[in-house]
1. Using R₀ = 51 Å, calculate the FRET efficiency as 1/(1 + (r/R₀)^6) where r is the Cβ-Cβ separation of A:E136 and B:L63; round to 0.05.
2. Straight-line reach from A:K171: which lysines fall under 27 Å, measuring Cα to Cα and dropping same-chain residues less than 8 apart?
3. Assuming R0 = 41 Å, what is the FRET efficiency of A:A221 and B:D84, from their Cβ-Cβ distance, to the nearest 0.05?
4. Out of all DSSP beta bridges with both ends in region A:99-245, state the antiparallel percent to the nearest 5.
5. Taking 8 Å as the Cα distance limit and 6 or more residues as the minimum spacing, I'd like the relative contact order of region A:11-93 as a percentage.
6. If you rank B:V85, A:V53, A:V173 by fewest surrounding Cβ atoms within 10 Å, what's the result?
7. Aspartates and glutamates within cross-link reach of A:K71: Cα-Cα under 17 Å, excluding same-chain residues under 8 positions apart?
8. Quick check: Cα centre of region B:2-31 to Cα centre of region A:130-207, how many Å?
Amino acid sequence: MAGFQAAAAFAQDAAAAVRLLPLRFERLGANRFLVANIVGDLLLLTGEELERVVSLEIRPGDGLYERAFEKLLVAGRNQRSQLQLLALRLRSRMAFLLEPTALHLFVVTLRCEHSCPYCQVSRRSVDRERFDMSEEIALRAVDVALSAPARRIKIEFQGGEPLLNFGLVRKIVTAAQERAPDRNKTVEFVIASNLALLTDDVLGFCRDNGILLSTSLDGPADLHNRNRPRPGGNSHALAVAGIRRA
Amino acid sequence: MLEILVEFDRSTHSIGALREAAYRIIREASCQIDAVGDRYLCRLTPKQAPVSAGTEDLREHFLDLVTDEILREKVAAETSGVRDVILALAFGALATQQEDARA
C-alpha cells in the first residue's frame with residue numbers, strides 16, 4: 001500500500017517554490033529588526049530570522065515560513081494571487097492620488113526666525129520682506145483653491161514662519177470665507193507654526209475663525225532647541241508656552 | 001583629533017552601502033570614505049570625544065550599519081522585478097485609463 005513521503009522529502013521543493021517580496025527593515029537593537037512589506041505591514045524579527053527570510057532559508061512548518069508568508073514578505077513563486085493582493089492593497093492605500101486635492105498649501109512667506117538645519121524650505125532671514133507672498137498672488141490662489149472639485153477645501157498656511165506674514169493670512173481667510181458660499185464650498189484653515197510669535201491678537205483671530213494651529217515638539221528641551229535653533233535658544237520654551245496658551 | 005579607521009574590501013562592499021551607512025551615523029560621527037587600492041578606508045571622526053569603550057562601540061555601530069545596507073542592497077536587487085510586477089498590477093490599469101481618456 002502506497003504511503004505519504006516524509007515532510008523532509010518536500011523541503012527542497014518548498015524552498016525553491018518561494019520568492020522574496022519587496023521589504024524594508026530598520027534595526028531596533030543589537031538583534032532586533034522591524035521589517036515592513038510593501039504596504040507597511042510590520043513584523044519583528046531577530047537578525048538571524050531576517051537573514052533566513054532574505055536568503056529563503058525557510059521551510060513550511062518551521063514557524064518563520066508561516067510568519068513571513070502571512071506578512072507577505074515571501075510568496076509562492078508560481079502564485080499570482082499574493083502579488084494581486086499586494087497590488088490591490090497598494091492601490092487602496094494610494095487611492096488619494098486619484099482624487100483632485102482638497103488640501104492647498106499657502107506659503108505666505110519664506111522668512112523664519114528659526115534656522116533649523118533640516119528644514120526643506122529655502123529659508124530667508126526675517127528682515128527680507130521681498131520673500132513674502134504678494135496679496136495679488138494670494139487672492140488668485142484662493143480662487144484656484146476654491147475651484148477644486150472637492151466640496152470641503154482645506155487651506156494650510158506654511159512658510160517659513162507664516163505668523164511673520166499674518167496680515168496676509170488674515171486677508172486670505174477673509175477672502176476665502178467671502179467667496180466660498182457662492183461656490184458651495186466649506187473651507188477649513190490650518191496654520192503650521194513654531195508658535196514662537198504667537199500673540200493674543202493671533203489667537204483671537206484663530207478662535208473667531210475656527211483656525212487650527214499645527215505645531216511640532218521634537219522632544220525634550222535640549223533636543224528641540226538643538227533641532228530648532230533661534231536667537232535666544234528658547235524655541236522649546238516658546239513652543240510649550242504657545243501650546244498652553246492655545 | 002580622534003579618528004577611527006574602518007577598512008572594507010571593495011570586491012564585497014559597494015560605495016553606495018558605505019555612503020548610506022556614513023549618512024546614518026552622521027549624528028555621532030563624520031565619515032570620510034577613500035578608495036585605496038582594493039580597499040575602502042572609512043575614517044570616522046566622532047562628533048564628541050567618546051569615553052573609553054566608546055571607540056569600539058562606534059566602530060561596531062558603523063559595521064552594523066554597513067551590514068544592514070548590504071542586506072538592503074541584496075533585497076532591492078532580488079525584489080526589483082517582482083516590485084515592478086506589483087506596481088504594474090496596482091497602477092497599470094490607470095495608465096490604460098489615461099491613454100483611453102486622451103484618445
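1. 0.35
2. A:K154, A:K185
3. 0.30
4. So the antiparallel bridges in region A:99-245 amount to around 5 percent.
5. So the answer I get is 33 percent.
6. Neighbour counts put them in this order, fewest first: B:V85, A:V173, A:V53.
7. Straight-distance partners of A:K71: A:E26, A:D41, A:E49, A:E51, A:E57, A:D62.
8. Rounded to whole Å, the Cα centres lie 46 Å apart.
No lab work stands behind these numbers, since they all come straight from the coordinates. A quick note: this is a predicted structure, and the numbers were derived from the prediction, not measured. Note that each Cβ is placed from the backbone with ideal geometry, even for glycine, and that neighbours are counted across all protein chains shown.
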